[in-house]
Every structure is written in structure tokens, then in C-alpha cells.
Amino acid sequence: MANPWFRMYSEFANDPKVQMLPEAMQRRYVMIMCMRCSNTLVTLHETEIAFHLRITDDELAETKALFINKGFIDHDWNLLNWEKRQFASDSSAARVAKHRANKKNAGNADVTLLKRKSNALDTDTDTEVKALSGKPDDSPTADAKQILEYLNLKTGRAYRPVPANTDLIAARIKDGVSVADCKSVVDAKTSQWGDDDKMREYLRPGTLFNRTKFEQYLGQLGESSCVAGDGSAEDHFARAL
């Protein structure tokens, strides 16, 4: 969910986990929430996160370790419990789109209702309304989930099928990329980076399926240089950035 604002609860001012932090760390925590709200956090490398926070790489490493220890984030900078505290209803975009679609297809809905059996129990559901309105399901696509599961299988990770991990994959599918192409990119980068401590952390949805980076990775599939061990770790790191 991308919004110009997010819910921040009053308990922030009294939560011991937060208030025992130095003020600089509290500010960084709020900045991380702002980046998550705008959906930019999942697309950034750690050097870019450090730039947004206006701190050095060493300070970022210290911040990350502290926030993980406090239970604020995981190792991939995902804010824990974010989805529980932010609601889809906070955005009016879905409601407006649904209203317009329902109004446009009101005639089709009436025809469908007339075809029901007269003695059938009327059990309109939210799913039926979506089907009548023609509005696509907002949940991650089956293809995106399948590719995410494949990434977990190849890397030994446990990325959850939440919007923060699936939205970028679904966007590439909508761009016309096939599931097979996505899996091929996962295979190639796992082969290249899987044994490199420095590069392994970039085997994540936010890096692999970023629009610009994915197109580069996809274009490299036909190159003979895209073989595990070809080039130095510094070369791979530069291409990842």
C-alpha cells in the first residue's frame, strides 16, 4: 500500500522499546516507516537507504543490527507488523475505482441477477461483486507467488507472499515477462551470487525484480559471461548496483 501518510499510534511516545533509543535512532525508525509508506524501501540498496537517512554505511549497519534486535525489522528491512497496523481502507483509490466500475457495469449486474433461480438463496459475496464489476483482485497474482516460492527454494530464504515482496514481481509479469524468464533470472543470479558473501544479500525481490535492474539481468541471460564465477566479486557488485 503506497500512501502519502501512514498510521502512527500514540503508544510510540510511551513504548519502552522506542523511548529507550537515542533520539537519532528514533528519527531513523520514523524515516524507515516513511520509506515503507511510499513503497520505496523495497527497491533500495543499503547504500541508498544510508543516503536517505543521511548516515554512513557503518552507522547504517549499527542501526540495522539494533532494529533487528528490537524486533522492528527483519534482515531485508521489512517492517514487522506493518500490515497489521496499516489498513487497505486508508487509501481511497480502491474504493473510488470500485464505485466507478460498479456504476459502469450496473446494467450487467442487473442481467446477472435476473438469471438466478427464483428459489435460490441470495448470497451476494464480495467475490461476486468483484466479478460483476470487472475489478481485478488486489491480492498478489498466482504467477508472482509462484516465482517468489521459486526464489525461496533456490536461495533458502523465506520471503512471505506480502505486497512488499510480490508487487515488483507482479509488475514485471504485467510488463509482459513470462514466469520462465523470471525463473531464469533467479537461476542466473543465484548461480552468480550464491557463494559470494557480499552479493548473496541481493538475492531478494527488491533487487532482482526492480524494473531497471531486471531488464538488465534479463538481457544478460544470453551472454556467455553470465556464468557462475565469471568476473570478480567487485564486477558482480557493480552490475548489481
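For this structure, a couple of remarks:
- Flag for LYS189 being under 22 Å from LEU41 (Cα atoms) and part of a helix (DSSP H, G or I): yes
- The stretch 39-56, residues that are over 24 Å from PHE209 (Cα atoms) and either in contact (Cβ under 8 Å) with a residue 40 or more places away in the chain or not polar (S, T, N, Q) (or both): ARG54, ILE55
- Candidates LEU60, LEU66 - the one that is outside the structural domain of LYS198 (by TED's automatic domain parsing), part of a helix (DSSP H, G or I), hydrophobic (A, V, I, L, M, F, W, C) and surrounded by 17 or more Cβ atoms within 10 Å (Cβ to Cβ): LEU60
- Long-range neighbours under 9 Å by Cβ, at least six apart or interchain, first residue free of Cβ contacts under 8 Å to residues at least 12 places away in the same chain within the stretch 164-191, second part of a helix (DSSP H, G or I) and crowded, with 17+ Cβ neighbours inside 10 Å: SER178/ASP143
- Among the numbered conditions (1) assigned to a loop (DSSP other than H, G, I, E, B); (2) free of Cβ contacts under 8 Å to residues at least 40 places away in the same chain, the only one that TRP77 does not meet is (2).
The values are calculated or read from the model by the stated rules, or taken from the named source; none is laboratory data. All of these numbers come straight from a predicted model, not from anything done at the bench. Heads up, the Cβs are rebuilt from the backbone with ideal geometry, glycines too, and the neighbour counts pull from every protein chain shown.
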